[in-house]
1. Can you tell me which residue is nearest to N215 (Cα to Cα) among those in the range 143-156 that are outside any strand (DSSP E or B) and either modelled with pLDDT of 90 or more or in the same structural domain as G232 (by TED's automatic domain parsing) (or both)?
2. All but one of (1) part of a strand (DSSP E or B); (2) over 23 Å from H58 (Cα atoms); (3) out of contact with any Cys (no Cβ under 6 Å at 6 or more places or on another chain) hold for L234, so report the exception by its number.
3. So if I check each of V108, V75, which one is β-branched (V, I, T) and touching a residue at least 40 places away in the same chain (Cβ under 8 Å)?
4. Scanning for something in contact with a helix residue (DSSP H, G or I) (Cβ under 7 Å, 6 or more places away or on another chain), part of a helix (DSSP H, G or I) and aliphatic (A, V, I, L, M), does the range 66-87 turn up at least one residue?
5. Within the group G169, G139, G146, which residue is within 30 Å of P29 (Cβ to Cβ) and in contact with a Ser or Thr (Cβ under 6 Å, 6 or more places away or on another chain)?
6. Looking only at the range 1-18, filter to residues that are touching a Leu at 6+ places or on another chain (Cβ under 8 Å), of a type outside the set (S, T, N, Q) and not in a helix (DSSP H, G or I); which one of those is nearest to E125 (Cα to Cα)?
7. When only residues in the range 75-106 that are at pLDDT 95 or above, touching a Leu at 6+ places or on another chain (Cβ under 9 Å) and among the β-branched types (V, I, T) count, which is farthest from A49 (Cα to Cα)?
8. Working only within the range 19-50, note down all residues that are assigned to a helix (DSSP H, G or I) and under 22 Å from the mean Cα position of the chain (by Cα).
Amino acid sequence: MPIITLTSDYGPERFYAGILRGALATLAPEATVVDLSHDVRKFSSVDAALLLQSCVKHFPKGTVHIVAVMSEATVEHPHRIVRIDDQYFVGADTGVFHLIFGKQPDAVYDLSNMMADFDYPTFPERSIFVPAAAHLSKGGIPELLGRPASISEPRTVLQPVFENRVLTGHVIHIDGFGNCITDITKRRFKNVETYREFVIVMRSSRSDIRKICENYSDVPVGDSVAVFNHLGFLEIAIYKGAPGAANGGASSMLGIKLDDVIRIEFSE
């Protein structure tokens, strides 16, 4: 049975997702539609890529993913079909496709042969993405939808830097528990871990973290903890903390915001 997933930044206005599900039920009734998330940060390719990176490896070959974030086609962000690891991604090329895998895809196509439903000129997810996804889910070849093309690399995404025994990264996502996910990967950390001791510098020295744990529960309840999560990214959390709870989450308790700099200082 074919699978089509939906990822968007619609937030509470999820009736847009309902429209897409209804259209897919009409155009691809045999497909199973899975809502990955409609709570992607508004207009954030990084957030969408992080979510998809986390999820796509759990889906079978042939799955089609509709990426409904910054969906309007522009000269800089054209509509694309991307095939990688035997799965398809349909959306605007905002840099999200490169961010998901960090490598060139197996194939890329434009959507030049798609006949958009001009009743929905401001809703390309319904006009273009849904018909394309339905076609692909039925085993249709992407060459019928458009010509071979290419994707762009994101221009504004910051990367971790190691200089003068300091590894500097950034907070790229804060989840519903207030956990702060950074762009520092386990591989990047290991590549510079030539020094025995380090400190993850927080706003208050009392909150500095000097150890990366295997599990959140390696520290007492309410303490800050650093782990490498299932994606291999460094994550800063408060064990059993969450926004709105008495003890709060890492974002609120440690004063960490999206895009904040995270410093790991190594000693000789």
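The values are calculated or read from the model by the stated rules, or taken from the named source; none is laboratory data. Since the model is a prediction, treat every value here as computed from it, not as a measurement. Glycine gets a Cβ as well: all are built from the backbone with ideal geometry, and neighbour counts include every protein chain shown.
1. I151
2. Failed condition: (2).
3. Answer to the check: V108.
4. Checked against the condition, which is being in contact with a helix residue (DSSP H, G or I) (Cβ under 7 Å, 6 or more places away or on another chain), part of a helix (DSSP H, G or I) and aliphatic (A, V, I, L, M), the range 66-87 yields no hits at all.
5. Sole residue among the options that is within 30 Å of P29 (Cβ to Cβ) and in contact with a Ser or Thr (Cβ under 6 Å, 6 or more places away or on another chain): G146.
6. L6
7. I81
8. L20, R21, S45, V46, D47, A48, A49, L50
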